[in-house]
Amino acid sequence: MTVGYRLLMQAPSIVDYLRLRAESGLSPKTEAQARAALPGSFAVCHVLEEATGQTVGMGRLLGDGGWYFHVVDMAVLPAHQRRGIGDAVLSALLGHIREVAPPGAYVNLLADPPGRRLYERHGFGATAPGSIGMAIKLE
């Protein structure tokens, strides 16, 4: 972990989760969504700036614990980007899978342009044209 920061393998507070999503450019979510999402995670971690105690980064895993995992909520506050925080969060999440899941785990994510180089450095690659991401937003 980068000097001056500490990674914790636990969820941030709901307030910090919502703030990190909004301030890092992810779509905003409601408190009700956060209350359901955080305990439903396979794994979650967040990063504190040691000098201030402020939560400045996070990431979560969804998964079945056996072979399928999905990386979500990768976020670092803009003022703390380019300091290795996203790399540390992703490394911790992938390390957790390696520790607890049987060999052969499939890990995927949806990569927005700002995060693609980070994900590629960790071995992720595009799945298209063989498969493409699809989504539906239920109202």
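For the stretch 58-76, the set of residues classified as open to solvent by 40 Å² or more (accessible area, probe 1.4 Å) and not in a strand (DSSP E or B) consists of ASP64, TRP67, listed by residue number.
For VAL71, the conditions (1) under 15 Å from LEU7 (Cβ atoms); (2) within 13 Å of the chain's Cα centre (by Cα) all hold with the exception of (1).
Examine the stretch 39-50 for a residue that is among the hydroxyl-bearing types (Ser, Thr, Tyr), more than 20 Å from LEU110 (Cα to Cα) and without any contact (Cβ under 8 Å) to a residue 60 or more places away in the chain, and state whether such a residue exists. There is no residue in the stretch 39-50 that is among the hydroxyl-bearing types (Ser, Thr, Tyr), more than 20 Å from LEU110 (Cα to Cα) and without any contact (Cβ under 8 Å) to a residue 60 or more places away in the chain. Out of ALA88, ALA92, ALA34, ALA79, I need the residue that is in contact with a Phe, Trp or Tyr (Cβ under 7 Å, 6 or more places away or on another chain) and part of a helix (DSSP H, G or I). Which one? Sole residue among the options that is in contact with a Phe, Trp or Tyr (Cβ under 7 Å, 6 or more places away or on another chain) and part of a helix (DSSP H, G or I): ALA34.
Only residues that are under 23 Å from PRO114 (Cα atoms), among the aliphatic types (A, V, I, L, M) and open to solvent by 50 Å² or more (accessible area, probe 1.4 Å) were counted across the stretch 4-52, and they come to 1.
Among the residues of the stretch 13-36, is any touching a Cys at 6+ places or on another chain (Cβ under 9 Å) and not aromatic (Phe, Trp, Tyr)? No; the residues of the stretch 13-36 include none that is touching a Cys at 6+ places or on another chain (Cβ under 9 Å) and not aromatic (Phe, Trp, Tyr). Scanning the stretch 117-139 for residues that are surrounded by 15 or more Cβ atoms within 10 Å (Cβ to Cβ), assigned to a helix (DSSP H, G or I) and not aliphatic (A, V, I, L, M) gives a single hit, TYR119.
For the stretch 95-116, filtered to residues that are in a helix (DSSP H, G or I) and farther than 18 Å from LEU26 by Cβ, the residue that is most open to solvent (accessible area, probe 1.4 Å) is ARG98.
The values are calculated or read from the model by the stated rules, or taken from the named source; none is laboratory data. Note that the coordinates shown come from a computational prediction; the quantities given were computed from them, not determined experimentally. Using ideal geometry, Cβ is built from the backbone for each residue, glycine included, and neighbour counts are taken over all protein chains shown. Protein only, heavy atoms only, side chains kept; ligands, DNA and RNA dropped before computing areas. Shrake-Rupley method; radii C 1.70, N 1.55, O 1.52, S 1.80 Å.
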